[in-house]
Amino acid sequence: MDNVELIQKAIAAREMSYSPYSGFKVGAALLCGNGKIYTGCNIENAAYSPTNCAERTAFFKAVSEGEADFVAIAVSGWAGEPGLAYPCGVCRQVMMEFCDPGRFIVIVASSVDKYQIYLLKDILPFGFGPNCL
Ligand code: THU
């Protein structure tokens, strides 16, 4: 599984987005250490606050299936200008719960040609995680 394949799965998952309120479609593809991939999309709600982001949908699907070892996530939001749509703070915090921030890779993509790769620790510096308790 290379970066481009993971991005392609995130872009495909974006098509499942349920986003009648924002019209902002997001898809994610989460790669586990065992090679399995869990995809997710954003799922909005008429009451707004129950909305779940694509990244968290993917994580919650995976964790609920017993996964505990995560390698990378690709996230793809709006593909037009101004460009890349980065994971929100809540999703970064959820990643912090389940991933090693010095190893977990976050790929932010608008297409297979336009993407940036980060470590979680670089997009969530001084993160608060399970080791802090
Ligand atoms: N959204 C995501 O799915 N992931 C993020 O990291 C940022 C925001 C979704 C939530 C909402 O459905 C829409 O994008 C607009 O905020």
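Every read-out reported here was derived from the displayed coordinates using simple, explicitly stated rules and does not represent laboratory data. Since this is a predicted model, take the numbers as computed values, not measurements. Cβ: placed from backbone, ideal geometry, glycine included. Neighbour counts: every protein chain shown.
Hey, could you grab the Kirkwood Rh for region 10-65? Inverse mean 1/r over distinct alpha carbon pairs, Å, one decimal.
11.2 Å
GluC sites (Glu not before Pro) within region 1-52: which are DSSP loop residues with at most 15 other Cβ atoms inside 10 Å?
Glu15
Using the Cα centre as the reference, give the magnitude of the dipole from point charges on the C-beta atoms of region 1-50 (Lys, Arg: +1; Asp, Glu: -1; all else neutral), rounded to the nearest 20 debye.
Values: 4 positive and 4 negative charges, 10 e Å.
Here region 1-50 has a charge dipole of around 40 debye.
Which residues in region 90-125 have a backbone N closer than 20 Å to a point placed 7 Å from the Cα of Val4 along the Cα-to-Cβ line?
Within reach of a label on Val4, which here means backbone N under 20 Å from a point 7 Å along Cα→Cβ, region 90-125 contributes 106-118.
Hey, what do the phi angles of region 50-63 turn into as Karplus ³J(HN,Hα) couplings, whole Hz, using 6.51/-1.76/1.60 and θ = phi - 60°, x for Gly and Pro?
In residue order, the calculated couplings are x, 3, 10, 6, 4, 5, 5, 4, 5, 5, 6, 4, 5, 4 Hz.
Share of antiparallel DSSP beta bridges in the chain, in percent to the nearest 5?
Rounded to the nearest five, the antiparallel share is 75 percent.
Return the FRET efficiency for the residue pair Ser49, Phe128: r is the Cβ-Cβ distance, R0 is 35 Å, and the value is rounded to the nearest 0.05.
Approximately 0.95, to the nearest 0.05.
What pairs in Lys9/Lys114; Lys9/Lys121; Lys25/Lys121; Lys36/Lys121; Lys25/Lys61 have C-alpha atoms more than 21 Å from each other?
With Cα atoms farther than 21 Å apart: Lys9/Lys121; Lys25/Lys121; Lys36/Lys121.
Quick query: amide H of Thr51 versus all other amide H atoms, modeled in the peptide plane; which residues come in under 5 Å with a sequence gap of 5 or more or a different chain?
Placed amide hydrogens put Asn45 under 5 Å from Thr51.
At a Förster distance of 41 Å, what's the computed FRET efficiency of Phe24 paired with Asp69, Cβ-Cβ distance as r, to 0.05?
Computed FRET efficiency for Phe24 and Asp69 comes out at 0.85.
Once label points are set 7 Å from the Cα along Cα→Cβ at both Lys121 and Lys61, what is their separation, rounded to one decimal in nm?
Distance between the two pseudo-spin positions: 3.0 nm.
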